[in-house]
Amino acid sequence: MNHDAHALVSVIVPTYNTEAFLDQCLLSIRNQTHTELEILCVNDGSTDGSLAIMQRHAAEDARIRIIDKENGGYGAGCNRGIAEARGEWVSIIEPDDWIDSTMYEEMLAFAAGFSRPVDIVKTPWWDIKYWDDPERMKPYPCLLTGRVRRSEAPATIRELPQLLAYHPAIWSALYRRDFLLEAGIRFPEYPGAGWADNPFLIDTMCQARGIVYLDRPFYRYRADLPGSTRNHATPEAVTRPFDRWLAMLNRVEELGCADETVLEALYARGFTYVDGAIFDDGADNPLVIDGAKRVFSRMEERIVMESPRISGRRKKLFCQLLGRSYTPSIDLIRAGYVLEDAQCYLRVYGLRELVGRVSQRIFGRR
């Protein structure tokens, strides 16, 4: 089967109070070189001027359809869009981000080049750093860029486990609508944003029989500003990363996808969440300590200790919190991974940023 490079794409824009960025987002979608689009603007009970911006764009472009609903959270908004989508492909664009003009044209042409069915077309993305400061704002290719080879045939997540190890960037992808419907895939409807992208990532990647990866970034993601996630105000916010990771692991096991390559990638993501929680809310925070223990207790020790992806610092923390002994060792495979990691950081961020990150690791600075 060859996919149609000119197929209709249903673009879902789940929106809640993003008037400052929505114009740029919608214009980037409307200006796509691939014109066969239906743009589903889901207004999730916004109280700012977002609905008026949608209405203005809809008056100018007949491809836009507004779905105005009561506030139900990010997952509920995406689900409503999926339910009303009519395209062969579904795309999710967050309203504070934007996309390059050839994104859909190039992704659809890539999918059309395979004789076997494709369920997901996945790409890396641009991290937009310091987006609140025009003088400092700069796009950086995400750390997935260059780590995965351009696909020569559709594959499963067991062959592309790296797609689980980095940010759950569900928006830098196209999903075949019939695949989502046949598998019954929907977002969990958590309140607010709620990290609903984490379980959706697992459901899609672990059930897809044909994933293809195009190693070219198109999506421009406004990354968290420095310090913006520090000192969460509620216990639920502190524990959310741990709860979501455990839900991801549970789903991987339910889907029978828990082989070692997948688990290793998912473990790496879990360590990233633990590091983030320690930085945001403190290593001595009882909720952070308990959450890290809950995450680590679900990991297979052998996989953790043998993984070249997981650093000695993380392995030491793993052993400390679980009350196990840790003996540092020289691992040539790990050394090769570190070198590859350093080359990636150098390519993406430059020497100055690489030196800063190394000093953070050595001296505990952020």
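The values are calculated or read from the model by the stated rules, or taken from the named source; none is laboratory data. These figures come from a predicted structure and were not determined experimentally. We place every Cβ from the backbone using ideal geometry, glycine too, and count neighbours over all the protein chains shown.
None of Ile128, Ile170, Ile157 is over 25 Å from Gly87 (Cα atoms), touching a strand residue (DSSP E or B) at 6+ places or on another chain (Cβ under 7 Å) and modelled with pLDDT of 90 or more except Ile128. For segment 216-231, state whether one or more residues are outside the structural domain of Pro154 (by TED's automatic domain parsing), surrounded by fewer than 16 Cβ atoms within 10 Å (Cβ to Cβ) and β-branched (Val, Ile, Thr). Yes, the conditions are met somewhere in segment 216-231.
If I filter segment 22-52 down to residues being β-branched (Val, Ile, Thr), crowded, with 23+ Cβ neighbours inside 10 Å and free of Cβ contacts under 8 Å to residues at least 40 places away in the same chain, which single residue comes out as farthest from Ser10 (Cα to Cα)?
Val42
The residues on offer are Arg220, Arg216, and the sole one that is of a type in the set (Lys, Arg), closer than 21 Å to Thr123 by Cα and assigned to a loop (DSSP other than H, G, I, E, B) is Arg216. Identify the single condition in (1) over 18 Å from the mean Cα position of the chain (by Cα); (2) part of a helix (DSSP H, G or I) that Val42 does not satisfy, given that it satisfies every other one. So the condition that Val42 fails would be (2).
Going by the conditions given, is Ala5 touching a residue at least 40 places away in the same chain (Cβ under 8 Å), within 28 Å of Arg216 (Cβ to Cβ) and among the aliphatic types (A, V, I, L, M)? Walk me through it before giving the result.
Details: touching a residue at least 40 places away in the same chain (Cβ under 8 Å): yes; within 28 Å of Arg216 (Cβ to Cβ): yes; among the aliphatic types (A, V, I, L, M): yes.
Yes: the conditions hold for Ala5.
Does segment 255-268 include one or more residues that are within 16 Å of the chain's Cα centre (by Cα), under 23 Å from Thr15 (Cα atoms) and buried (at least 22 other Cβ atoms within 10 Å of the Cβ)? Looking through segment 255-268, none of the residues is within 16 Å of the chain's Cα centre (by Cα), under 23 Å from Thr15 (Cα atoms) and buried (at least 22 other Cβ atoms within 10 Å of the Cβ). Checking Glu236 against (1) assigned to a helix (DSSP H, G or I); (2) acidic (Asp, Glu); (3) touching a residue at least 40 places away in the same chain (Cβ under 8 Å), which single condition isn't satisfied? With respect to (1) assigned to a helix (DSSP H, G or I); (2) acidic (Asp, Glu); (3) touching a residue at least 40 places away in the same chain (Cβ under 8 Å), Glu236 is out only on (3). Of the candidates Glu152, Glu182, the single residue that is surrounded by fewer than 22 Cβ atoms within 10 Å (Cβ to Cβ) and either assigned to a helix (DSSP H, G or I) or among the basic types (Lys, Arg) (or both) is Glu182.
Could you look through segment 276-305, keep only residues that are outside any helix (DSSP H, G or I) and on the phi < 0 side of the Ramachandran plot, and pick out the one that is surrounded by the most Cβ atoms within 10 Å (Cβ to Cβ)?
Across segment 276-305, the extreme among qualifying residues is Met299.
Inspection of segment 169-187 identifies no residue that is without any contact (Cβ under 8 Å) to a residue 40 or more places away in the chain, of a type in the set (A, V, I, L, M, F, W, C) and assigned by TED's automatic domain parsing to the domain that holds Asp284.
The condition of being touching a Leu at 6+ places or on another chain (Cβ under 9 Å), small (Gly, Ala, Ser) and assigned by TED's automatic domain parsing to the domain that holds Ile92 holds for only one of Ala258, Ala165, Ala208, Ala196, that being Ala165.
Counting only residues that are touching a Leu at 6+ places or on another chain (Cβ under 9 Å) and either of a type in the set (Gly, Ala, Ser) or not in a loop (DSSP other than H, G, I, E, B) (or both), segment 60-102 holds 15 of them. Among the conditions (1) in contact with a helix residue (DSSP H, G or I) (Cβ under 9 Å, 6 or more places away or on another chain); (2) outside any loop (DSSP other than H, G, I, E, B), the only one that Pro328 does not satisfy is (2).
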